[in-house]
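In what follows, a single structure is set out as structure tokens and then discussed.
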Amino acid sequence: MLSLDNTYSEGDLRDFDRRVQKGLNQPCEYVCELKIDGVSISLHYEKGKLVSAVTRGDGVQGDEVTNNVKTISTIPVRIKAANVPDVFEARGEIFMPRAGFELMNRQRAEAGEPLFANPRNATAGTLKTQDSALVAKRPLNAFIYTLIDDSNEGLTHYESLNLMKQWGFNISDFNAKCTGIDQVLDFINEIEAARADLPFDIDGVVIKVNSIEQQRLLGNTAKAPRWAIAYKYKPQEASTTLLSIDFQVGRTGIVTPVAN
């Protein structure tokens with residue numbers, strides 16, 4: 001699973017668009033999707049049955065978490081649609097909605113248990129838990145954003161999302177098909193204005209070339225696809241009161257100040 005090139009600027013997005021146009025020498029559409037702040041997952045299906053679920057890890061090797069993923073109600077364990085390929089892979093993001101995270105932390109506080117720092121850490125820690133019964137009690141959810149299947153030639157990325165939705169996968173409603181980089185920027189600005197009201201955490205928007213054939217023409221670098229980029233929002237800021245500072249000494253003797 002490759003990483004995505006990241007940018008924080010409109011100028012970099014326009015440069016990306018120019019590189020895509022130069023590489024294709026033909027018109028293209030883009031699809032914009034939310035960059036969910038969760039844990040990337042690769043789901044492998046055979047004959048419509050989920051046979052393995054693996055986290056991204058370092059992109060080559062991740063953690064096998066199949067039993068835990070099977071407890072997530074929005075991930076189908078068996079697909080019965082007639083047009084499902086014999087073998088395919090679905091990639092997506094597992095996350096914890098804000099409301100579920102806050103409720104879980106309140107319950108942990110009442111039980112005298114340590115609180116999770118944020119939904120992403122809670123998601124990652126939950127997926128690594130050895131007890132699937134415990135995982136089933138936690139409010140995990142998932143959005144799928146990529147279909148990898150050689151048998152569906154001619155599909156666009158946007159069409160593949162709709163196809164997976166028919167198969168029972170949870171596909172985010174917050175996506176858009178755009179005919180140019182200006183429409184992409186409009187979507188980015190629209191989502192940024194509504195970011196605080198979303199029911200889950202995001203840290204940006206992912207932009208992909210819609211045509212899968214054009215994706216193949218553009219190819220990949222050693223680390224990232226040339227047909228996709230992630231626009232990341234600036235980190236959210238807030239004021240707080242500094243109560244005190246602790247100093248932690250690491251095993252190599254390095255002293256790290258920690259703000260309370």
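For this structure, a couple of remarks:
- Checklist (1) open to solvent by 40 Å² or more (accessible area, probe 1.4 Å); (2) modelled with pLDDT of 95 or more applied to Ser42, failing item: (1)
- Scanning the range 172-195 for residues that are out of contact with any strand residue (DSSP E or B) (no Cβ under 6 Å at 6 or more places or on another chain), part of a loop (DSSP other than H, G, I, E, B) and open to solvent by less than 90 Å² (accessible area, probe 1.4 Å) yields a total of 1.
- Annotation: of all residues in the range 104-121 being open to solvent by 90 Å² or more (accessible area, probe 1.4 Å) and part of a helix (DSSP H, G or I), the one that is farthest from Asp63 (Cα to Cα) is Glu110.
- Matching residues, the range 122-148, being open to solvent by 70 Å² or more (accessible area, probe 1.4 Å) and closer than 28 Å to Trp167 by Cα: Lys128, Lys137
- In summary, Ser151 fulfils each of the numbered conditions (1) open to solvent by less than 60 Å² (accessible area, probe 1.4 Å); (2) under 19 Å from Leu43 (Cβ atoms); (3) out of contact with any helix residue (DSSP H, G or I) (no Cβ under 6 Å at 6 or more places or on another chain); (4) not in a strand (DSSP E or B) with the single exception of condition (1).
- Filter result for Thr156 (farther than 17 Å from Val39 by Cα and loosely packed, with under 13 Cβ neighbours inside 10 Å): no
- Counted as qualifying within the range 196-260 are the strands (runs of 3 or more DSSP E) with 1 or more residues that are open to solvent by less than 40 Å² (accessible area, probe 1.4 Å) and in contact (Cβ under 8 Å) with a residue 12 or more places away in the chain, namely 202-209, 228-232.
- Residue within the range 23-36 that is on the phi > 0 side of the Ramachandran plot, of a type in the set (S, T, N, Q) and either loosely packed, with under 12 Cβ neighbours inside 10 Å or touching a Phe, Trp or Tyr at 6+ places or on another chain (Cβ under 7 Å) (or both) present: yes
- Which listed residue, of Ala82, Ala90, Ala124, is assigned to a loop (DSSP other than H, G, I, E, B) and of a type in the set (Gly, Ala, Ser): Ala82
The values are calculated or read from the model by the stated rules, or taken from the named source; none is laboratory data. Predicted model, so just to flag it, every value in this text is computed and none were measured. Here the Cβ is made from the backbone with ideal geometry for all residues, glycine too, and neighbour counts use every protein chain on show. Calculation scope for accessible area: heavy atoms of the full protein, side chains included, ligands and nucleic acids excluded. Shrake-Rupley method; radii C 1.70, N 1.55, O 1.52, S 1.80 Å.
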